[in-house]
Amino acid sequence: MFDWEQRKLYEVADYRNGKAHEQHIYIHGNYIVVNSKFVSTSGEAKKYSDKLIEPLMKNEIAFVLSDVPNGKALARTFLVKRSQKYTLNQRVAGITPHPNMNSYFLFILMNRNPYFLKFDDGVGQTNLSKKDVEQFNENYPTKREQQKIGEIFVKLDSLLTLQHQRLSKLNEIKKSLLQQMFI
């Protein structure tokens, strides 16, 4: 086991801003526009574009830069699982981990991290700048340790999803049984 090294984000990943897509939004576009609503709903709220203006590649991270006071979207992350499918909208950053970084580890580490949330004063809209994001200072293990930590989080996410599905099924059964009781 090695000591974890403290580094700023710009030392472990590259940052870029998204671009405006408003002129290219279509119901049946070929590309999913990654905006703050898409990220904050884990990909459920979708808009489409007919142009791949700012492509996101597999293992890149979309990171929400702007939100209303005390909002739930600020600093949310989305890990891209497939290239040539997503296009990065404005007010969302694209974070490209360097080769020595595990993208899943960084995705988990950055998601709603208290460092970013402290910029929200609860009064005005919060807009994180490139400098704010790149100055994110954190301790990083070796890539091998990142991989192991990432695997644990993947297993936990899978377990949580399975438990959520099980709970939903039990609630459906409960609802059905209650309806049968009163018929």
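The values are calculated or read from the model by the stated rules, or taken from the named source; none is laboratory data. Everything quoted here is computed from the prediction, not taken from an experiment. Because the Cβ atoms are built from the backbone with ideal geometry, glycine has one as well, and the counts that use them run over all protein chains shown. Just the protein is used for accessible areas: all its heavy atoms, side chains included, with ligands, DNA and RNA removed. Shrake-Rupley method; radii C 1.70, N 1.55, O 1.52, S 1.80 Å.
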Phi to ³J(HN,Hα) by Karplus 6.51 cos²θ - 1.76 cosθ + 1.60 over segment 65-78, Hz, x for Gly, Pro: 9, 9, 7, 5, x, 6, x, 9, 9, 3, 6, 6, 10, 9
Going by amide H atoms built from the backbone, whose H comes under 5 Å of the H on D14, apart from near neighbours? T96, H98
Cα-based Rg and Dmax for segment 1-108, where Dmax is the largest Cα-Cα distance (Å): 14.4, 51
Counting Lys and Arg as +1 and Asp and Glu as -1, each charge on the Cβ, what is the dipole of the chain about the Cα centre in debye, to the nearest 20? 600
Which ³J(HN,Hα) values, rounded to whole Hz and listed in residue order, are derived for segment 124-135 from phi using the Karplus coefficients 6.51, -1.76 and 1.60 in 6.51 cos²θ - 1.76 cosθ + 1.60 with θ = phi - 60°, glycine and proline given as x? x, 4, 8, 10, 6, 8, 4, 4, 4, 6, 5, 7
Can you tell which of L167, L56, L117 shows the greatest fluctuation in a Gaussian network model of the chain with Cα springs below 10 Å? L167
Report the dimensions of segment 36-87 along its three principal axes from the alpha-carbon atoms, largest first, rounded to Å. 33, 22, 18
Take the alpha-carbon centre of segment 144-183, take the same for segment 1-71, and report the distance between them in whole Å. 27
Most mobile listed residue (L128, L160, L88) in the chain, GNM with C-alpha springs under 10 Å: L160
Tell me, in nm to one decimal, what length is gained between M57 and I173 on full extension, where the rule is 0.36 nm per residue of separation less the Cα-Cα distance? 37.6 nm
What's the extension gain from K19 to D121 if we count 0.36 nm per residue and subtract their Cα-Cα distance? 34.1 nm
Computed FRET value (nearest 0.05) for E151 with K81, which takes r as the C-beta separation and R₀ as 22 Å: 0.85
In whole percent, the fraction of accessible protein surface over segment 28-151 that belongs to carbon or sulfur atoms, probe radius 1.4 Å, stands at 47
Contact order relative to length for segment 11-108, counting C-alpha pairs under 8 Å separated by 6 or more residues, stands in percent at 37
Which entries in the list K46/K85; K81/K143; K8/K85; K8/K131; K85/K155; K19/K131 go over 22 Å, if you measure between the two C-alpha atoms of each? K8/K85; K85/K155
Tell me, what is the percent relative contact order of the chain, built from C-alpha pairs under 8 Å that lie six or more residues apart? 26
